[in-house]
1. Rank 311, 252, 171 by how far each Cα sits towards the positive end of the charge dipole of the chain (+1 on Lys, Arg Cβ; -1 on Asp, Glu Cβ) and give me just the farthest.
2. What are the extents of the Cα atoms of the range 42-143 along their three principal axes, in Å, largest first?
3. For the range 117-178, count the residues as N, evaluate 2.2 N^0.38 Å, and divide the Cα radius of gyration by that value, please.
4. State, in angstrom, two size descriptors of the range 1-94 derived from its alpha carbons: Rg to one decimal place and Dmax to the nearest whole number.
5. Go through 301/349; 23/337; 93/134; 93/229; 23/312; 23/349 and tell me which ones have a Cα-Cα distance over 18 Å in this structure.
6. Which whole-number value in Å³ per residue fits the convex hull of the alpha carbons of the chain?
7. With r as the distance between the Cβ atoms of residue 194 and residue 294 and R0 = 41 Å, compute the FRET efficiency 1/(1 + (r/R0)^6) and round to 0.05.
8. Taking the Cα centre of the range 126-262 as origin and charging only Cβ (+1 Lys, Arg; -1 Asp, Glu), how large is the dipole, in debye to the nearest 20?
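The values are calculated or read from the model by the stated rules, or taken from the named source; none is laboratory data. These numbers come from a predicted model, not from an experiment. Counting neighbours? That spans all protein chains shown, and the Cβs are built from the backbone with ideal geometry, glycine included. Calculation scope for accessible area: heavy atoms of the full protein, side chains included, ligands and nucleic acids excluded. Shrake-Rupley method; radii C 1.70, N 1.55, O 1.52, S 1.80 Å.
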Amino acid sequence: MTNIVSKRASKIEPSITLSLNTKANALKEAGEDVVALAAGEPDFDTPEIIRNAGIRAINEGKTRYTPAAGIAPLRKAVAEEYSRILGVDYGWKETVISHGAKHSIFNALFVLTDPGDEVMITTPYWVSYPEMIKLVGAVPNIVELSVDDGFRLTVDRLKAEVEKSKPKAIMLNTPNNPAGTVYSPSDMEAIARFLLDEGIALISDEIYEYLVYGGYEHHSPVKLVPELKDSCVVVTGVSKSYAMTGWRVGYALASEQVAYRMGAYQAHATGCPNAISQWAAIEAVKNGADARDMMKASFEKRRDMFNTRLAKVPGITYPEPGGAFYFFADVSGLYDKCGVSGSGEFCEKLLAEGGLLLIPGGPFGCDNMVRFSFAASEETLNAALDRFDAFVRNYV
Ligand code: PMP
Ligand code: GLU
């Protein structure tokens, strides 16, 4: 058969997070006895006031194409909210509404890079980063971090890496998926100043900005170094903070020049983000704080419970997550004992013998690790921990 697939597309693999999430749902629907901590999405329903705003939009006929970069009232609400949070003035033309934060990141990469440009990412990276970089024709420059350095990039390490090979852009994600890492303000400020001095563009993925726990706080690089505004694209959205993953609304804050090009690109690639979802997102941004805080408090409770129990499982280590809703644990000490050679095989064995579905760390750039999502009910989390503990104790 003639192969008509391009070389570029042949390099792209499906998303492991999305495909394992689909697999978990299919197994459950088929009546299999499976507990899954795969989904990187809140298990809550979208808050009622936001749902109602969506219903109102449908009934009021707000169902047509919108401007490519999003409706002005949402862009204005986002600009206002983030000017306040970041302490940096963003006009509404310095915002772009997209079809989920994933789409915002892709658009930003498309606008900031030319084919062959290097984009630096650090491990563990979110699974879509390297694929998106390849899709726009750029080249991932992967900096490996480890559990020992808390999966945090330091400015000294960054300097050393830039000396080896200077990228056009870097992508940072704090709070981090999958490790839950949160950067301290001093580390982030040092990194931001260095990037500014070097003229390296930053895509700052802050989709988990509100989900920080314990003593941790989220500090956007733009808040710490306002002069970075022109060379930084801040990406966030409603998916995680307001339990709106399926509505598909993300947004970017950038200079007007970058935002204009992102909107122009979007005009030809997708037309516009979903009209109904944009009206619902206004309600989230303007009036969703109470619901958001309530869900956050619940995530924090689950994190603490999960942490207490996971710490008792023998043979594994993990950094305590300060944000997002994941634990990322080093299980490589169990590989020989279980007769597996990597995280994919480990997860397959855990599913087959233990009835627990986790996401392997390999596609995040860490084949010694596995990811647990704690965006699940306490009952599910306890069942998962029972299964994980029993599986591990069978081998140690
Ligand atoms: N960045 C990270 C780190 C994520 O985990 C996700 C998960 N979905 C996204 C971006 C994209 O979010 P959205 O659902 O808004 O596309
Ligand atoms: N970001 C979530 C995750 O990492 C959702 C799935 C996806 O978009 O990749 O599980």
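1. Of 311, 252, 171, it is 252.
2. The Cα atoms of the range 42-143 stretch 47, 34, 29 Å along the principal axes, largest first.
3. Numbers: Rg = 11.3 Å, N = 62, 2.2 N^0.38 = 10.6 Å.
Relative to the 2.2 N^0.38 Å estimate, the range 117-178 comes out at 1.07.
4. Calculated on Cα positions, Rg and Dmax stand at 20.8, 58 Å.
5. Going by Cα-Cα distance, 301/349; 23/337; 93/134; 23/312 fall outside the 18 Å limit.
6. Working: hull volume 63.1 nm³, N = 396.
Here the figure is 159 Å³ per residue.
7. Values: r = 38 Å, r/R0 = 0.93.
Efficiency at R0 = 41 Å is approximately 0.60.
8. The calculated dipole for the range 126-262 is roughly 420 debye.
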